[in-house]
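Down below is the structure, laid out as structure tokens.
The values are calculated or read from the model by the stated rules, or taken from the named source; none is laboratory data. Note that the structure is predicted; figures quoted are calculated from it, not measured. A quick note on method: Cβ atoms are made from the backbone with ideal geometry, for glycine too, and the neighbour counts reach across all protein chains shown.
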């Protein structure tokens, strides 16, 4: 309760869209659901502070050295298309199944999966007992992301991505920016490179509503809102990731755009005022 009170004091101007245990709205004729697959504590040792002030501020916020975060995903239903944005960890597959039930769906109903990027915690739900969780899905990956993880990177993260996505190798399509599929023009990709070479925001928009899923722009939301030059050890290009975050804060502050991320400690989109 103390952490919740502190969060509300820090961000009194956040405008929440719902008080349910999930967020739901209509964008054109598409049903949009945003849910958290799990809430958990992360260790502050993943943070790379840009200043002593940022480090002290984080200690003040989270004296135990751990902070709260979510694993959020988006489900979009439009006609015969059932789209999933990111899939979480292997240990959140059951939570993902329950999230789909809220939207009236099963694993086999998912027709498309759009990745903000292909780090482990965003693709970990793709296998269930060693088999494809979503046997009927087409996968969309940013082309720079694909090239980096499948052709250039030689680290554990790349090997994990190749292993998890191997059963889907014939179902992968690449994008760069803009509308991803003309069957659901409400959804488009916005380049937000740095965290990974192809890290993308996903915009879901009509003439009345604009929701931006900012994925991993934030890992420690409360801290990085105040000290946006704080990086994380998982950033492939830390300088670019910081610049991207600063640019987005400048662009969307005082706008009507609704913001939510993979690891924001909320799943109801908010505006930045």
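Can you pull out the residues in the stretch 138-167 that are assigned to a loop (DSSP other than H, G, I, E, B) and under 19 Å from the mean Cα position of the chain (by Cα)?
Taking the stretch 138-167 and keeping what is assigned to a loop (DSSP other than H, G, I, E, B), we get 153-155.
Of everything in the stretch 138-167, nothing turns out to be assigned to a loop (DSSP other than H, G, I, E, B) and under 19 Å from the mean Cα position of the chain (by Cα).
Working carefully through the options 249, 223, find the one that is touching a helix residue (DSSP H, G or I) at 6+ places or on another chain (Cβ under 9 Å) and surrounded by fewer than 17 Cβ atoms within 10 Å (Cβ to Cβ).
Values: 223 fails: surrounded by fewer than 17 Cβ atoms within 10 Å (Cβ to Cβ).
Checking each option against the conditions leaves just 249.
Being buried (at least 18 other Cβ atoms within 10 Å of the Cβ) and not in a strand (DSSP E or B) is the filter here, so list the residues in the stretch 119-132 that pass it.
Across the stretch 119-132, the qualifying residues are 119, 121, 122, 123, 124, 125, 126.
From 163, 176, 209, 196, which residue is surrounded by fewer than 22 Cβ atoms within 10 Å (Cβ to Cβ) and closer than 17 Å to residue 87 by Cβ?
Details: 176 fails: closer than 17 Å to residue 87 by Cβ; 209 fails: closer than 17 Å to residue 87 by Cβ; 196 fails: surrounded by fewer than 22 Cβ atoms within 10 Å (Cβ to Cβ).
Every option except 163 fails the conditions.
Please note which strands (runs of 3 or more DSSP E) are completely contained in the stretch 168-273 and include at least 3 residues that are farther than 23 Å from residue 61 by Cα and free of Cβ contacts under 8 Å to residues at least 60 places away in the same chain.
On the way: elements: 172-175, 187-191, 200-205, 210-213, 258-260.
Qualifying strands (runs of 3 or more DSSP E): 172-175, 187-191.
From 177, 162, grab the single residue that is at pLDDT 95 or above, touching a helix residue (DSSP H, G or I) at 6+ places or on another chain (Cβ under 7 Å) and more than 30 Å from residue 51 (Cβ to Cβ).
On the way: 177 fails: touching a helix residue (DSSP H, G or I) at 6+ places or on another chain (Cβ under 7 Å).
Checking each option against the conditions leaves just 162.
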